[in-house]
Amino acid sequence: MPTNTGSDIFGVITFVVIAVVALAAIAVIVIGMRLKRQRIAGEKELIARREAAHVDAVEVDPDAPVEAASEPTAREPAKPAPVAAPAAKPTPPVAVAPVVASPAPAAASIEGDITQLKGLGPKLAATLAELGYTRLDQIAALTPDQAADLDAKLGNFQGRMARDRWIEQAKLLVVGDRAAYEAEFGKLG
């Protein structure tokens, strides 16, 4: 009696392939579950850091005077200009019109330089300067509508403002909260 060894081998190969695919599917599911747990833990940590930094509680008064920084000497590093304290009474947001960029004096403080923001390089800084935004306080004072208008004008860089959270970064830098900034966004350059 002849045996049908060809169909027996095909059956074994089919079984092995199905078993390998099933094991791969299980592995993908397990890895996905681990990644989801890590993502959820990271989101919880981010929320806790935001609450600790009180980013939402920071208000910037665009009309407040800012004192000029003192000239650095050879032995002493540049001192940032003091920033006016937020008003005790919350004030409604004030619309800030873009200011035409003018050349900055040589002794300008780096504290107001928008290139300190993570995700904002020289090309994007030049684009923002063309639109009249050259200082951190201007970015920090943007209302959601103004931010949306500005973002729409960024061309290839559209979406970077929200993704890199420029307004939150600028608010922390304007009030001088370096520790909260570095806890949220990493070391300052």
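The values are calculated or read from the model by the stated rules, or taken from the named source; none is laboratory data. As the structure is a computational prediction, the values presented were derived from the model and not from experiment. Neighbour counts run over all protein chains shown; Cβ positions are idealised from the backbone, glycine included.
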Does any residue of segment 167-183 turn out to be surrounded by fewer than 15 Cβ atoms within 10 Å (Cβ to Cβ) and touching a helix residue (DSSP H, G or I) at 6+ places or on another chain (Cβ under 7 Å)?
yes
For residue 150, which of the numbered conditions (1) modelled with pLDDT under 90; (2) surrounded by 13 or more Cβ atoms within 10 Å (Cβ to Cβ); (3) more than 19 Å from residue 189 (Cα to Cα) fails to hold?
(1)
Mind checking which pairs have a first residue in segment 160-178 that is farther than 15 Å from residue 124 by Cα and part of a loop (DSSP other than H, G, I, E, B) and a second that is of a type in the set (A, V, I, L, M) and modelled with pLDDT of 90 or more, Cβ under 9 Å, 6 or more apart or different chains?
175/140
Got at least one residue in segment 111-120 being under 19 Å from residue 187 (Cα atoms) and at pLDDT below 55?
yes
For residue 145, only one of the following conditions fails: (1) surrounded by fewer than 16 Cβ atoms within 10 Å (Cβ to Cβ); (2) modelled with pLDDT under 90; (3) at negative phi. What is its number?
(2)
